[in-house]
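Chemist: There's a structure below that I have some questions on.
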Amino acid sequence: MKGVNHNGRAWVEIDLDRLSRNYRTVKDLVGRDCKILVAVKADAYGHGAVEISKTLQEDGVDMLGVASVDEALELTRGGIHCPIVILSPTVVDLAPVIVENDFRINVSNMAYAQHLSRTALAMGTRARVHVEIDTGMGRTGVLWREGLEFINAIAELEGIALEGIFTHFAVADEDRQYTEEQVEKFSHLLERIEKHGIRIPLTHCANSAGILDYPSSYLNMVRPGLVIYGLFPSSTPRPRGISPIMSFRTRIVHIQNVPRGTSISYGRTFLTERDSTIATISVGYGDGYSRRLSNQGEVIVRGKRARIVGTVCMDLTMVDCTHFDGVRLGDEVTLIGRDGTEEITPDEIAGLIGTISYEVTSSIGPRVPRVFVRNGAPQRVKSLLGNEDCVFSTRHD
């Protein structure tokens with residue numbers, strides 16, 4: 001989106017229309033009878049959890065998933081009223097907050113479950129839990145062979161409402177056989193639980209990769225994260241109707257013509273090989289723009305690619321604009337997103353720095369404002385000053 005003025009610093013644009021379209025595409029894939037829990041942890045993978053959740057709530061999302069009590073509280077204080085599942089284990093000290101706010105909580109430890117039950121009973125209610133089963137992730141959860149015994153014990157706790165049971169795939173975007181084994185283990189456990197007369201309303205295991213490539217894993221709820229934001233696991237099918245919702249941009253704040261042999265930035269890691277035009281852009285690793293992009297990343301200026309030269313600094317980065325005609329102070333620079341026929345994706349950046357696309361987006365820091373866009377126009381902004389109606393949309397000419 002051209003023309004948003006942010007006092008020269010970097011900003012992120014979030015296309016809420018694309019977000020809704022991505023959600024509808026996932027809903028079409030899994031079917032009307034399958035519920036959807038969207039992962040909005042880590043500030044919705046860097047996209048802005050409250051505004052993302054508001055849009056998804058309007059679109060009819062069934063549940064939202066976070067990683068911590070603080071993340072859950074941020075949503076409720078931001079006006080979110082749909083059910084929130086805390087997907088990671090928490091400490092017993094937070095049990096009263098969880099129960100009071102009716103947050104759903106991951107349970108895979110009996111001592112914790114017993115404490116949660118006692119807390120809920122003391123507050124005159126029951127705590128809703130989702131039991132995590134470890135079918136091969138090796139991180140958290142009850143070992144699948146011990147799942148039935150654990151579920152039987154949980155079902156006996158008076159202060160616990162057993163709302164859900166889930167597992168998590170380790171390599172759904174890479175190793176088909178291993179993932180199918182995880183699905184088989186989980187399905188076998190569900191059958192055993194059912195035979196013992198225990199009814200668990202919600203069963204879920206499909207993440208984004210599972211949704212795109214393993215229809216047998218849908219069960220009665222799925223847990224998309226990446227795909228909702230228009231990102232993809234590495235080797236999964238890419239359906240039409242899914243597109244990136246984030247653009248990351250900044251502006252040129254300094255231009256200097258320098259002679260051949262000039263060193264650029266900290267460490268003198270780059271020397272100009274000719275008389276050069278070096279533009280300084282207002283973004284750095286303090287904004288979450290990786291220092292590992294030094295001397296190898298590219299940006300888009302005036303619809304053309306420009307190479308990063310020298311070391312990425314905390315607040316500023318230098319790019320070689322020697323081959324540009326008429327580059328000016330204030331020119332918009334695209335770090336992630338499209339400008340004309342050129343596009344830089346989180347996947348491209350991830351490939352350069354040896355990581356994954358969602359680390360790239362999740363790393364963009366809080367001092368970078370998120371501008372939420374509908375119908376091509378900015379609506380609201382989330383910045384260090386808080387969430388406000390968008391009042392700046394002046395074109396920089």
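Chemist: Can you name the condition, by its number, that Pro215 falls short on among (1) surrounded by fewer than 20 Cβ atoms within 10 Å (Cβ to Cβ); (2) in contact with a strand residue (DSSP E or B) (Cβ under 7 Å, 6 or more places away or on another chain); (3) farther than 25 Å from Val299 by Cβ?
Modeler: (2)
Chemist: Being buried (at least 17 other Cβ atoms within 10 Å of the Cβ) and either more than 23 Å from the chain's Cα centre (by Cα) or under 22 Å from Met63 (Cβ atoms) (or both): is that true of Asn152 here?
Modeler: Spelling it out, it is not the case that Asn152 is buried (at least 17 other Cβ atoms within 10 Å of the Cβ) and either more than 23 Å from the chain's Cα centre (by Cα) or under 22 Å from Met63 (Cβ atoms) (or both).
Chemist: Now, a different point. For the condition surrounded by fewer than 21 Cβ atoms within 10 Å (Cβ to Cβ) and outside the structural domain of Leu212 (by TED's automatic domain parsing), what is the one hit in Arg9, Arg32, Arg77?
Modeler: Selected residue: Arg9, the only one of Arg9, Arg32, Arg77 that is surrounded by fewer than 21 Cβ atoms within 10 Å (Cβ to Cβ) and outside the structural domain of Leu212 (by TED's automatic domain parsing).
Chemist: Is it the case that some residue within the range 131-139 is of a type in the set (Lys, Arg), outside any helix (DSSP H, G or I) and either touching a residue at least 24 places away in the same chain (Cβ under 8 Å) or under 30 Å from Arg18 (Cβ atoms) (or both)?
Modeler: yes
Chemist: If you take the residues of the range 264-281 that are surrounded by fewer than 20 Cβ atoms within 10 Å (Cβ to Cβ) and assigned to a loop (DSSP other than H, G, I, E, B), which of them is nearest to the chain's Cα centre (by Cα)?
Modeler: Thr269
Chemist: Being under 21 Å from Gly31 (Cβ atoms) and touching a residue at least 24 places away in the same chain (Cβ under 8 Å): is that true of Tyr218 here?
Modeler: Judged against the criteria, Tyr218 is a match.
Chemist: Which ones in the range 140-155 are more than 19 Å from Thr179 (Cβ to Cβ) and part of a strand (DSSP E or B)?
Modeler: Of everything in the range 140-155, just one residue is more than 19 Å from Thr179 (Cβ to Cβ) and part of a strand (DSSP E or B), namely Val142.
Chemist: Can you find, within the range 200-244, the residue that is nearest to the chain's Cα centre (by Cα) among those that are of a type in the set (D, E, K, R) and over 20 Å from Thr135 (Cα atoms)?
Modeler: Among those residues, the one meeting the criterion is Arg238.
Chemist: Inside the range 65-86, can you point out the residues that are among the small types (Gly, Ala, Ser) and either within 16 Å of the chain's Cα centre (by Cα) or part of a strand (DSSP E or B) (or both)?
Modeler: Gly65, Ala67, Ser68, Ala72
Chemist: Restricting to the range 119-130, name every residue that is assigned to a helix (DSSP H, G or I) and either surrounded by fewer than 17 Cβ atoms within 10 Å (Cβ to Cβ) or at pLDDT below 95 (or both).
Modeler: Result: Leu121, Ala122.
Chemist: Could you run through the range 323-372 and say how many residues are assigned to a loop (DSSP other than H, G, I, E, B) and under 17 Å from Glu13 (Cα atoms)?
Modeler: Of the residues in the range 323-372, 10 are assigned to a loop (DSSP other than H, G, I, E, B) and under 17 Å from Glu13 (Cα atoms).
Chemist: Suppose we filter Gly297, Gly288, Gly310, Gly284 for residues that are closer than 16 Å to Gln256 by Cβ and crowded, with 19+ Cβ neighbours inside 10 Å; which single one remains?
Modeler: Result of the check over Gly297, Gly288, Gly310, Gly284: Gly310.
The values are calculated or read from the model by the stated rules, or taken from the named source; none is laboratory data. The structure displayed is predicted, hence computed values, not measured ones. So basically every Cβ, Gly included, is an ideal-geometry build from the backbone, and we count neighbours across all protein chains shown.
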